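Take a look at the structure below.
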Amino acid sequence: MVVLVVVVVLAVLQQVSGAAAPPECSDEKCVCSPAIYVDYGDKKETDTTLSQLRAQLTLLQETVESMRTQQDVRLAELQEQFIKLTSKIALLKQCSATTKHVCPSGYVKFEDKCFRFSTDTKTYAAARSACQAAGGHLVMPKDQTTDDFLRNQLTMYPNGQDVWFGLTDLLQEGTFVWEDGTPLTGWSNWGPGEPSSGRGSAEDCVEWRAEYGNKWNDRSCSVSTYYVCQVSASIS
């Protein structure tokens with residue numbers, strides 16, 4: 001009875017599934033084929049990733065090439081600017097070598113400035129007016145090189161003669177200002193104990209003091225002494 005039920009169930013299952021009956025195996029030999037599994041879903045995903053990487057690589061190569069092109073263009077621009085600047089420097093040197101600075105008659109030239117050493121004596125205010133009338137101003141020895149040059153020229157005057165130059169503290173006591181309105185800062189060449197700001201009287205104007213080896217000294221502006229005028233050299 002049990003055997004009959006099993007046979008009937010197998011027959012129904014075979015009809016429902018439509019599957020063929022398994023091949024019979026002889027007692028001597030039965031060969032089963034191996035199963036082969038292929039995951040097509042993973043292969044498609046890999047192909048997509050490779051495509052994306054190739055696209056990114058192509059984009060990166062294009063970016064690098066673009067940067068190289070921009071760098072080459074910028075380098076060419078810098079080279080062109082360098083050539084232009086080099087040409088300008090060479091031209092300026094050539095012009096400087098051929099440029100001549102000329103001083104008016106009676107003036108001594110130093111660098112691009114002209115100096116006239118007076119043959120008369122005046123108060124500071126009168127000396128200032130005389131220099132302005134000549135188209136210049138009282139000399140301003142703002143650096144040691146200029147000061148040394150001018151002091152060496154003062155040997156033309158008799159021994160013991162002091163000489164005005166363009167520096168005062170008339171506007172504010174103790175604050176010395178050049179004739180062009182700029183303050184005295186940095187280098188100076190004061191004599192010993194100077195500026196003394198007067199010793200019982202106002203000393204607001206500055207001179208080269210022979211007693212100090214022609215170093216600077218502040219003195220009363222009303223004293224009459226020699227002076228030096230300065231004008232700019234003309235270019236020819």
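The values are calculated or read from the model by the stated rules, or taken from the named source; none is laboratory data. Values in this document were obtained by computation on a predicted structure and should not be read as measured data. All Cβ positions, glycine included, derive from the backbone under ideal geometry; neighbour counts span all protein chains shown. Just so you know, the surface numbers come from the protein's heavy atoms only, side chains and all, with ligands and any DNA or RNA stripped out. Shrake-Rupley method; radii C 1.70, N 1.55, O 1.52, S 1.80 Å.
Summary of computed values
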{"read-out": "Heavy atoms of Tyr212: accessible area, 1.4 Å probe, square angstrom to 10", "value": "50"}
{"read-out": "Vicinal HN-Hα couplings computed from phi for region 162-178 (Karplus, 6.51 cos²θ - 1.76 cosθ + 1.60; Hz; Gly/Pro x)", "value": "8, 9, 6, 9, x, 8, 9, 10, 5, 6, 8, 4, x, 10, 8, 10, 6"}
{"read-out": "Label-point separation, Gln153 to Leu60 (7 Å along Cα→Cβ), nm", "value": "7.4"}
{"read-out": "Two-site label geometry, Met67 and Val223: point separation in nm, points 7 Å out along Cα→Cβ", "value": "7.4"}
{"read-out": "Accessible area in square angstrom per residue, region 168-229, 1.4 angstrom probe", "value": "48"}
{"read-out": "Estimated inter-spin distance, Gln79 and Thr175, nm [label 7 Å along Cα→Cβ]", "value": "5.7"}
{"read-out": "Stretch gain in nm, segment Asp112-Thr49, where the contour uses 0.36 nm per residue and the Cα spacing is subtracted", "value": "15.0 nm"}
{"read-out": "Eligible lysines near Lys122 by straight Cα distance, threshold 22 Å, same-chain separation 8 or greater", "value": "Lys215"}
{"read-out": "Heavy-atom accessible surface of region 98-236: percent carbon and sulfur, 1.4 Å", "value": "47"}
